[in-house]
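Just so it is clear, none of the values below were taken in a lab; they were calculated from the coordinates. Quick caveat, the model's predicted, so the values are computed rather than measured. FYI the Cβ positions are ideal-geometry reconstructions off the backbone, even for glycines, and counts take in every protein chain you see.
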Amino acid sequence: MTPPAPHRRRLTRPAWLLGGVIVATALLGTYLLFAQSGSSQRHRSATVGPALSEIPFNGQRAYRYLQQICDLGPRPSGSPAMAAQQKLLAEHFANLGGKVTRQEFRYRHPLDGSTVPMANLLVEWHPERKERVLLCAHYDTRPFPDRDPVDPRGSFVGANDGGSGVALLMELAHEMPDFQSRYGVDFVLFDGEEFVFSDTDTYFLGSEWFARQYVGNPPPYHYRWGVLFDMVADADLQLFQEGNSVSWSDTRPLVDSIWQTAARLRVPEFIPRRGQTVRDDHLKLHNIAKIPTCDIIDFDYPYWHTVEDLPRRCSAESLAKVGWVTREWLRGLK
Ligand SMILES: [Zn+2]
């Protein structure tokens, strides 16, 4: 995803670079004061909510899925690791009873002009239900960690940015066969969210393709709501309400109801205040397909688009909290 230029966030210095600094300088005192007040605030908010063992959602298994996905290595569109991921996911969801289909399309490689095969992965639960909810994430990883201060052409595994939404849906899948509701649920994993090599390249290829298909070949069902998950596994989780999501009048009630669910469950990481405005897959779903879709995203992630976006920067607890809130919100849908 990408924030619009006026909101483009300056990357905070990654914590792993700070170790050396902390030993030495005269700035130390000031810096430490600042860092400690920041971290104690975070810890205070984190201790208000339930501990991992008290959350009735299997965050540890979700985290193992995250590791399993990252073990495939970088997963940019069209890569062998992306193909391996698609196979792994298709088997995973089918084994749990989901109806899995691939929505294939092609794209011209921005660097060499070759044809890149892409595919969104769709998983339907209770396909006979005509009123449906779309839960989605992107599953491609950015070709390079171009915001990395040391190695911008290094290896980008995308644990949080690309892996976290996938892991969350892999775990949520265990609960879907028994989901009692008038709503059916579709998972969609978007390809080509950030198959970008320069600032002028096009984002959101998979979600745009999906949205255009929904409008051009209308299915015999209707999506009432869409929820996009992006960067939801940060070990230091803070989920403000994304700016576009709250500014759209048809989507605002969705945001309110998810954050109210979190408040009822006492999950303080869902902070009921407007956060950054982010360009992400939800724009295509909302603007083209007219599906009210919010983006659940923790954009304050120091390892964004760096080689350090690794499983160790993520946590089972964060996945558990987002998964639990999502499931309870689904159960409460009227
Ligand atoms: Zn990204």
Scan (1) under 21 Å from Ile69 (Cα atoms); (2) in contact with a Leu (Cβ under 8 Å, 6 or more places away or on another chain) for the single condition Pro149 breaks and write down its number.
(1)
Consider only pairs whose beta carbons are under 8 Å apart and that are at least six residues apart or on different chains; among these, list those whose first residue lies in segment 95-109 and is more than 17 Å from Ala173 (Cα to Cα) and whose second residue is hydroxyl-bearing (Ser, Thr, Tyr).
Arg106/Thr115; Tyr107/Ser77; Tyr107/Thr115; Arg108/Ser114; Arg108/Thr115; His109/Thr115
Considering segment 185-201 alone, what residues qualify as being over 29 Å from Glu328 (Cβ atoms), in contact (Cβ under 8 Å) with a residue 12 or more places away in the chain and not aliphatic (A, V, I, L, M)?
Asp191, Gly192, Glu194, Phe195, Phe197, Ser198, Asp201
Residues that are among the hydrophobic types (A, V, I, L, M, F, W, C) and closer than 27 Å to Pro177 by Cα, at least 2 per element: which strands (runs of 3 or more DSSP E) completely within segment 57-166 meet that?
115-125, 131-138
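Looking only at segment 239-263, which residues are assigned to a loop (DSSP other than H, G, I, E, B), closer than 14 Å to Asp295 by Cβ and away from the ligand (no atom under 16 Å from the Cβ)?
Result: Trp248, Thr251.
Let's see how each residue does on (1) among the aliphatic types (A, V, I, L, M); (2) closer than 26 Å to Phe144 by Cβ:
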site	(1), (2)
Gly184	no, no
Glu194	no, yes
Tyr223	no, no
Gln241	no, no
Val246	yes, no
Ser249	no, no
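For the condition over 24 Å from Asp300 (Cα atoms) and either in contact (Cβ under 8 Å) with a residue 12 or more places away in the chain or surrounded by fewer than 23 Cβ atoms within 10 Å (Cβ to Cβ) (or both), what is the one hit in Asp140, Asp178, Asp151?
Asp178
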